[in-house]
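Novice: Just dropping this structure here.
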Amino acid sequence: MTVVHHPEDARILHRQIRALVDAGHEVTYAAPYTARGVMARSWVNGVDLPRAAERRRLTAVRAARKVFKSMRDQVDLAIVHDPELLLAVVGVRNRPPVVWDVHEDTPATLSLKPWLPAFLRPPVRFLARLLEGTAERHLHLLLAESAYAGRFRRTHLVVPNETWVPDQVTAPGGDRIVYLGWLSEARGVREAIEVAR
């Protein structure tokens, strides 16, 4: 389940969900299909959710909570990919095991959001740390980087956010580089430009 990521997100759809489907599991994928202008892949059961964007997140979280509650008896495991979705699963009775896929430094990422006023950033970072601690006590965590482990008390499984590269690849042609993702200083855009130089 995600309300933030694009439904075609590489980590979520093309690595995690694809691996589950290839292993014979039936997967229901709740994501903002309509808001992103895409349809669910034929190999998942798609459930459309609103998109959480900037300050407009509460509607998406409420919709996700409603879907989660309605499906809790139909699934063996739920994986949430956004910190906002912790609010969608907390306190739900008789829920299946929930895994939070931690694939960003939530407190640090929040401080980079241009829609969050500067005076709110310190208290929001503090609340994000509290939320992470609560999630660790009540959910299963999956970390996308070993560097995230220092933010948590217990040891959690680390599944690096990297793509599989075959042993043999065709040499690239031309002089173009394609990057899929969000470019920002915090995510190393200056270093990427320097590497390209």
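The values are calculated or read from the model by the stated rules, or taken from the named source; none is laboratory data. Note that this is a predicted model, so its numbers are computed, not measured. Here the Cβ is made from the backbone with ideal geometry for all residues, glycine too, and neighbour counts use every protein chain on show. Heads up: the accessible areas ignore ligands, DNA and RNA and are worked out on the full protein's heavy atoms, side chains in. Shrake-Rupley method; radii C 1.70, N 1.55, O 1.52, S 1.80 Å.
Novice: If you take the square roots of the eigenvalues of the alpha-carbon gyration tensor of the stretch 15-108 and sort them as a ≥ b ≥ c, do you get rounded (a/c under 1.5), prolate (a/b over b/c) or oblate?
Specialist: Rounded is the answer for the stretch 15-108, as its axis ratio a/c remains below 1.5.
Novice: Next question, about the same structure. Specify which labelled value, from (1) 19.4, 56; (2) 17.9, 56; (3) 16.3, 48, agrees with Rg and Dmax of the Cα atoms in Å derived from the coordinates of the model shown.
Specialist: (2)
Novice: Name the GluC sites (Glu not before Pro) in the stretch 123-197 that are in a loop by DSSP and that have at most 12 other C-beta atoms within 10 Å, would you?
Specialist: Within the stretch 123-197, the qualifying GluC sites (Glu not before Pro) (loop, at most 12 other Cβ atoms within 10 Å) are E162, E185.
Novice: Taking the Cα of A108, stepping 7 Å toward and past its beta carbon, and measuring to each backbone N in the stretch 151-168: which are under 17 Å?
Specialist: So the set is 151-153, 159-162.
Novice: Another question, then. In the stretch 28-127, what GluC sites (Glu not before Pro) fall in a loop by DSSP, with at most 10 other Cβ atoms inside 10 Å?
Specialist: Sites meeting the loop and neighbour criteria: E54.
Novice: Further, regarding this structure: Residue by residue, what Karplus-based ³J(HN,Hα) values in Hz, rounded to whole numbers, does the stretch 26-33 have, using 6.51, -1.76 and 1.60 with θ = phi - 60° and x for Gly and Pro?
Specialist: 8, 10, 9, 10, 8, 7, x, 4
Novice: Normalised by the number of residues in the chain, what is the relative contact order in percent for Cα pairs under 8 Å and 6+ residues apart?
Specialist: 14
Novice: Can you figure out the FRET efficiency of L58 with H138, using R₀ = 30 Å and their beta-carbon distance, to the nearest 0.05?
Specialist: 0.90
Novice: Largest first, how would F126, F119, F68 line up by accessible area (1.4 Å probe)?
Specialist: Order by accessible area, largest first: F119, F126, F68.
Novice: Please work out whether the stretch 1-57 counts as rounded, prolate or oblate from its C-alpha gyration tensor, where a ≥ b ≥ c are the square roots of the eigenvalues and a/c under 1.5 means rounded, while otherwise a/b larger than b/c means prolate and anything else oblate?
Specialist: Here the stretch 1-57 falls in the prolate category.
Novice: Can you pull the one-decimal nm distance between simple spin-label points at W182 and T34, each 7 Å off the Cα toward Cβ?
Specialist: Inter-label distance under the simple model: 2.4 nm.
Novice: Given axes a ≥ b ≥ c from the Cα gyration tensor, I'd like to know whether the stretch 99-177 is rounded (a/c under 1.5), prolate (a/b larger than b/c) or oblate.
Specialist: Oblate shape, in that a/c is at least 1.5 and b/c is the bigger or equal ratio.
Novice: Subtracting the Cα-Cα distance from 0.36 nm times the residue separation, let me have the gained length for L130 to R72 in nm, one decimal.
Specialist: Value of the extension gain: 18.3 nm.
Novice: Out of residues 5 or more away from L141 or on other chains, whose amide H comes under 5 Å of its own, with H placed 1.01 Å from N in the peptide plane?
Specialist: Long-range HN contacts for L141: W100.
Novice: Here's a follow-up. Nearest 0.05, what FRET efficiency do E191 and H25 give at R0 = 30 Å with Cβ-Cβ as r?
Specialist: That pair, E191 with H25, gives E of 0.20.
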